[in-house]
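**Q** Below is a structure I'd like to ask you about.
Derivation of every value follows stated rules applied to the coordinates shown; laboratory data play no part. All values reported here derive from a predicted model rather than from experimental measurement. Don't worry about glycine lacking a Cβ; one is built from the backbone with ideal geometry, like all the others, and counts go over all protein chains shown.
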Amino acid sequence: MHQTCVNYFHTHLLQVYGCRVQKLCLDGGFTCPNRDGTKARGGCYFCDASGSGAAHIVPTDSITQQLRNQKKRCEQRYGAARFIAYFQAFTNTYASIPRLRSLYDEATADPQVVGLSVGTRADCITPAVCELLAEYVTRGLRVWVEIGVQTINQRTLDQMNRAETVDDYRRAAQLVKQAGLELVAHVIAGLPGDTGEDFLRTIRFLNEIMADGAKIHNLYIDSRATLASWWRDGKCRVLGFEEYVSLVADGLEILSPRCLIHRLSGQAPRQYHLAPAWALDKNLVIHSIEKELERRRSRQGARYPSEVSSESF
Ligand code: SF4
């Protein structure tokens, strides 16, 4: 079996299900406590007005309609036969339990849907939410809970108007893991105020909380986000291509080899993307990170604590 130097999520799905499994992005009409004034207003400064949702979704469509439209698109484009219902935009556990149940039920009713993925904030993870999500595991589905940690530098989080703490994250991670759900941590490299060492400390934090998956991406500037004016005014910069490739390779070397990599690059929708220009070529970014690891004769987990570094994935 061909193995790459990175433990990719898509490869894992292919091995488990024997076919291409595609995520279907859904918009459940949520908002975010960091936008509606419950925690703060204005949202995280890197987040755009659509709550980092997918551009091709019509949020007024029912969940069933959104699923149907996207399934068709993915079947035609990728030949996908199994799907993951992915609630992506805004904070997808920020509603009452009956409302969440109704949305998740609708999203998982199709027998071709093999998993449920929910993007949310640490302070919107409660025991009741985890209990609800665990019900879908008992029904035979995989359930991933995606929570942005972004960085563990609290000063950076505060400066980005994140309105939550690293301790909030630790508590949420514990609840998710205890409920038997799969934890996916989002990390941004190059946030204003962060250093390369902050990024590596954040990766070590992922090991500490035993993240099952990671979405790592470069800071990018979306013209709809607050950071756009910072960037235009020269108050923040974005990482250079080589700088990002080298930093992510460093991070992958210390990340647990068991942590599945969902993503290694990030960009805004093309019409809103201001910087960095190199991030628009996602394949080049991923290929260059793999090449860098190969050049070092290294791989994900090569510098992870020795008691598990010999395990293969
Ligand atoms: S990144 Fe998440 S938590 Fe921050 S404003 Fe956007 S939806 Fe809310």
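**Q** If r is the Cβ-Cβ distance from residue 138 to residue 68 and R0 is 25 Å, what FRET efficiency results, to the nearest 0.05? Don't skip to the answer; put the middle values down first.
**A** Numbers: r = 26 Å, r/R0 = 1.05.
Calculated value: 0.40.
**Q** A follow-up question, please. Which residues does the label zone of residue 296 cover in the stretch 110-153, counting backbone N under 20 Å from a point 7 Å along Cα→Cβ?
**A** Answer for this model: 151-152.
**Q** Run the simple label-point estimate for residue 75 and residue 14 please: 7 Å along Cα→C-beta, distance reported in nm.
**A** Going from the residue 75 label point to the residue 14 one covers 2.3 nm.
**Q** Moving on. Cβ under 13 Å from residue 43's Cβ, residue 43 left aside: what net charge do those residues give with Lys, Arg +1 and Asp, Glu -1?
**A** Details: positive: 35, 39, 41, 121, 162, 224; negative: 36, 48, 164, 222.
Residues near residue 43 contribute +2 overall.
**Q** Among DSSP beta bridges lying fully in the chain, give the percent that are antiparallel, nearest 5.
**A** Values: 3 of 36 bridges.
Antiparallel: roughly 10 percent of the beta bridges in the chain.
**Q** Same structure, new question: Roughly how many whole Å is it from the C-alpha centroid of the stretch 85-125 to that of the stretch 181-246?
**A** 25
**Q** Based on the Cα coordinates of the stretch 9-300, what is the per residue volume of their convex hull in Å³?
**A** Values: hull volume 36.8 nm³, N = 292.
Each residue corresponds to 126 Å³ of Cα convex hull volume.
**Q** Provide the per-residue ³J(HN,Hα) series for the stretch 216-231, in order, calculated from phi with Karplus coefficients 6.51, -1.76, 1.60 and θ = phi - 60°, each as a whole number of Hz, with x at glycine and proline positions.
**A** So the J values, rounded to whole Hz, are 10, 8, 6, 5, 10, 9, 9, 4, 8, 8, 4, 5, 4, 6, 4, 5.
**Q** Restricting to Cα pairs below 8 Å that are 6+ residues apart, what does the relative contact order work out to for the stretch 9-300? Please round to a whole percent. It would help to have the intermediate numbers written out before the result.
**A** Working: 515 pairs, mean separation 46.6, N = 292.
Once divided by the residue count of the stretch 9-300, the mean separation gives 16 percent.
**Q** Still on this structure, please answer the following. Determine the sum of side-chain charges near residue 298: Lys and Arg each +1, Asp and Glu each -1, restricted to other residues whose C-beta is under 10 angstrom from that of residue 298.
**A** Working: positive: 295, 296, 297, 299, 303; negative: 250, 253, 292, 294.
Overall, the nearby charge balance is +1.
**Q** Moving to a separate point now. Could you give the length gained by full extension between residue 166 and residue 237, i.e. 0.36 nm per residue of separation minus their alpha carbon distance, to one decimal place? Before the final figure, lay out the partial values.
**A** On the way: separation 71, 0.36 × 71 = 25.56 nm, distance 2.41 nm.
Going from the current span to full extension adds 23.1 nm.
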